[in-house]
Amino acid sequence: MATATTTLATATSTTSATATCVSMAPGKDGYLPPEACGNLLMYRPSFAAAVFFVVVFGITTLVHAVQGVVYKKKFTWVVTMGGIWEIAAMLMGALLAKHQNSETYDTLHTILFLLAPLWINAFLYMTLGRMVWFFDERKKLAGLSAQRFGSLFVWLDIFSFLIQATGAIISSQTGVSNSSIMLGLHIYMGGIGAQEFFILCFTVMLITLHRRLIAQEKRGIMLERLHNGTMPWRWLFYGMYFALTMITVRIIFRICQYSKGTDANNAMLSHEAYEYVLDATPMFLSLVALNVTHPGRIISGPDASWPRLSRKEKKELKRQQKAEKEARKKGLYYPDTNTNSQEDFAHGGDSGVAEQTPLNMLRYQEEGGHQSYTAPPAAAAVSHGHYDDVPPVTAYYPAHDHDYQPPSARWEGYSSYDHSRA
């Protein structure tokens with residue numbers, strides 16, 4: 001972290017009454033003592049420690065990339081990106097150890113090191129959304145659908161990211177006043193404070209789902225999904241709890257570190273070991289924990305990913321929704337609790353209603369003795385996840401053929417009535 005710029009001395013080793021630093025060339029391996037002009041650090045950086053973490057972060061990140069391909073989990077690019085940022089931060093730290101007066105290396109090291117954990121945080125948020133989708137019988141948590149739940153926390157993480165990035169950029173600048181640096185640090189601390197608040201809210205939701213799945217397992221519901229992975233489903237929760245704990249340890253450290261300002265007597269700023277022990281190490285351990293309890297090992301099988309409709313399927317679904325909207329306006333639409341929901345349509349009628357036939361999906365409407373027919377996808381289409389032959393979502397007929405008296409006002413306005421019905 002850059003500190004307030006000092007006044008350059010005019011002499012090489014002898015300082016005047018107004019000088020606050022000593023001008024000297026970098027020594028062996030680019031070393032500059034803290035009192036040297038141009039030095040950006042309050043400590044002597046360790047090149048070996050930086051290289052060590054480049055290697056260990058590189059290993060766990062490579063494993064995450066391979067696991068994403070093997071388990072076919074595209075969203076793992078997020079945690080892989082977090083690992084890449086950690087690698088880049090450590091690489092910049094190694095270069096900074098050799099060039100301690102390089103503002104470029106110092107700025108990049110600071111920004112990457114401070115922001116990399118947010119990628120890991122976002123991965124946890126995305127994982128929980130998929131856990132709700134795959135394991136939970138209601139596919140909802142806190143009143144939100146699985147997809148919306150995951151998206152909400154990802155956006156909150158982005159919000160925290162922007163605040164922290166603003167603070168990190170301001171505080172990492174050189175040649176600015178100490179008040180400007182402190183402003184950047186305060187903004188950054190506000191960002192990590194918001195991040196920790198979101199983590200606590202997220203943890204409550206994670207515990208809620210954990211307890212719900214335990215009860216669901218005892219009732220014998222969706223056991224084939226809970227036990228379909230290569231390791232017990234509970235281990236995914238344990239891995240996420242551990243990763244969240246490591247992120248929290250790191251946040252507490254950063255708040256304590258910067259709350260004391262840029263004073264040279266601040267031990268957390270003047271000793272590099274604190275950053276490696278309380279920031280780099282927890283983040284490395286969280287990545288390793290997510291390697292061991294990788295979502296791909298537990299969330300596996302049919303319906304393990306978000307449903308994806310083809311362009312033709314999306315067009316058909318949109319047409320059906322439009323038809324329902326028009327029917328509502330004309331007072332002809334009555335929701336049928338036996339029909340497939342939009343989510344069922346999206347993932348192949350997995351809720352158990354896909355096997356219904358047109359006959360048991362007919363019901364009398366309260367007015368006029370009419371019945372509504374919502375045609376399901378053909379059995380073959382359901383089994384293959386295609387709905388090219390899906391008929392119009394709703395057609396309204398008289399309850400009995402002999403009841404039909406054309407053209408009544410009730411039927412004239414509705415275009416989907418089939419006058420040729422046998």
Using a basic spin-label model with each label point 7 Å from the Cα along Cα→Cβ, how many nm lie between ILE207 and MET182?
3.8 nm
When we measure straight from the Cα of LYS312, which lysines land under 18 angstrom away, once same-chain ones fewer than 8 places off are left out?
LYS322
When the Cα atoms of the range 186-306 are enclosed in a convex hull and the volume is divided per residue, what value in Å³ results?
108 Å³
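In the range 187-232, what trypsin sites (Lys or Arg not before Pro) fall in a loop by DSSP, with at most 15 other Cβ atoms inside 10 Å? All intermediate terms of the calculation are to be shown ahead of the outcome.
Numbers: sites: ARG211, ARG212, LYS218, ARG219, ARG225; in loops: ARG219.
For trypsin sites (Lys or Arg not before Pro) across the range 187-232 that sit outside H, G, I, E and B with at most 15 neighbouring Cβ atoms in 10 Å, the list reads ARG219.
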Between LYS72 and GLU326, what is the spin-label point distance in nm, taking each point 7 Å from the Cα along the Cα→C-beta axis?
3.8 nm
Only counting other Cβ atoms within 10 Å, I'd like VAL70, VAL54, VAL176 sorted with the fewest neighbours first.
VAL70, VAL176, VAL54
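Calculate how large, on average over all directions, the projected area of the Cα convex hull of the range 28-298 is; give the answer in nm² to one decimal.
Working: hull surface 56.1 nm².
Average of the hull's projected areas for the range 28-298 equals 14.0 nm².
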Relative to the present Cα-Cα distance, how much length would full extension add between LEU200 and SER145 at 0.36 nm per residue of separation?
17.8 nm
For LYS98, the lysines lying under 25 Å Cα to Cα, once residues fewer than eight places off in the same chain are dropped, come out as LYS28
Treat each spin label as a single point 7 Å out from the Cα along the C-beta direction, and report the MET222 to LYS260 distance in nm.
4.8 nm
So which of LYS74/LYS218; LYS74/LYS139; LYS74/LYS140; LYS73/LYS139 end up more than 24 Å apart by C-alpha?
LYS74/LYS218
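Of the trypsin sites (Lys or Arg not before Pro) in the range 55-85, which ones lie in a loop per DSSP and count no more than 16 other C-beta atoms within 10 Å?
Numbers: sites: LYS72, LYS73, LYS74; in loops: LYS72, LYS73.
Listed in order of number, the matching sites are LYS72.
Restricting to DSSP loop positions (anything but H, G, I, E, B) with no more than 16 other Cβ atoms inside 10 Å of their own Cβ, which GluC sites (Glu not before Pro) remain in the range 137-239? The partial results should precede the final answer.
Working: sites: GLU137, GLU196, GLU217, GLU224; in loops: GLU137.
Taking the range 137-239 and a limit of 16 other Cβ atoms within 10 Å, the loop GluC sites (Glu not before Pro) found are GLU137.
Provide the FRET efficiency to the nearest 0.05 for the SER23-LEU285 pair, computing r from the beta carbons and using R0 = 30 Å. Numbers along the way, then the final one.
Details: r = 42 Å, r/R0 = 1.42.
Computed FRET efficiency for SER23 and LEU285: 0.10.
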Given the Cα-Cα distance of MET231 and ARG44 and 0.36 nm per residue of separation, how much length would full extension add, in nm?
62.8 nm
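Bear in mind that the values in this text are calculations on the coordinates, not laboratory data. Keep in mind the model is a prediction, meaning the values are calculated, not measured. Backbone-built Cβ (ideal geometry, glycine too); neighbour counts: all protein chains shown.
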